[in-house]
Amino acid sequence: MNRHNWFRQYGVYLLRLYWERRTYRTAMVLGAVTSVVGLAQFAFMGTFLQHGNTFPEITRYGGNIVSYFLSGTVFTGFVAVALHGFSRYVQEEQMTGTLESVADSPPGITRMMIFSAVTGCLATTIGSAVMMGLFEVLLGFRLDVNVGGVIVSLLLTLVALGGFGMAGCGTVLVTKRGDPVTWFVVTTMTLLSGVLYPVDALPGWMRAVAHFLPTTTALDLLRAALLGGASIRSILTAAVPLALWACLSVPAGALLLRWGLRTSRRRGSLGQY
């Protein structure tokens, strides 16, 4: 009898879980597509590693595979801050039931989100510096760093991708779960932008798409300054496509964020998650 009740209760739990997930269709679809993209990512990485120990595609970054992966990891951390700094703050306030109070406070939601994103950026900067320092001291890897070039490339990256972060935050205020904007940026970045393998390892048509993405340009700028000692002037010259993306993403992101706030307030769902 007890065993029967256990199975019945578990069945009720699964049914509840199904209906809960069913209300977040966007999140379910994005999760399924992400699984497929992850398989493709590992396939491309396998093709890249089959080339042997020379890795000619990364010679312009110093040719060291560990440094190449390290720079990709650092870049991913800052992308996470740019894309999720706003929405993470909103969701935390929603979970504690204080978002409506924040909206009525003197700083307002927008300024508090900026404070949260800046704090996340500072924490990521400190963590990245410590990680690179440990790699140099303990493992003997030498990075040809131009600090000014790194700062310029990261600032451009944070501004350009921060626009997508604002758009994603505006979207999640309405959908509550499932953010197609930041999901698209993260998915295309991990698959096409050279985080774990060079863009040259991709098929021809994928390379054409990859060079169009802002994350590809941003990562190339960071690696040039972090591993190749690129000067500020050369970074600024190569950053024109990223600056154009910033000019488009920031106004569009601000409009979508405003739309999300206005829509959720009109529906009375600002504090819901």
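Of the residues making up the range 158-183, those that are at pLDDT 85 or above and open to solvent by 20 Å² or more (accessible area, probe 1.4 Å) are Leu158, Val159, Phe164, Met166. Of all residues in the range 109-164, exactly one satisfies the criterion of being closer than 30 Å to Arg258 by Cβ and charged (D, E, K, R), namely Arg111.
The helices (runs of 4 or more DSSP H) falling completely within the range 180-273 that include 3 or more residues that are in contact with a Leu (Cβ under 8 Å, 6 or more places away or on another chain) and β-branched (Val, Ile, Thr) map to 180-192, 214-227.
The values are calculated or read from the model by the stated rules, or taken from the named source; none is laboratory data. Only a predicted model underlies this, so the values are computations on that prediction, with no experimental measurement involved. Positions of Cβ are backbone-derived with ideal geometry, glycine not excepted, and every protein chain shown enters the neighbour counts. All accessible areas refer to the heavy atoms of the entire protein, side chains included, with ligands and DNA or RNA removed. Shrake-Rupley method; radii C 1.70, N 1.55, O 1.52, S 1.80 Å.
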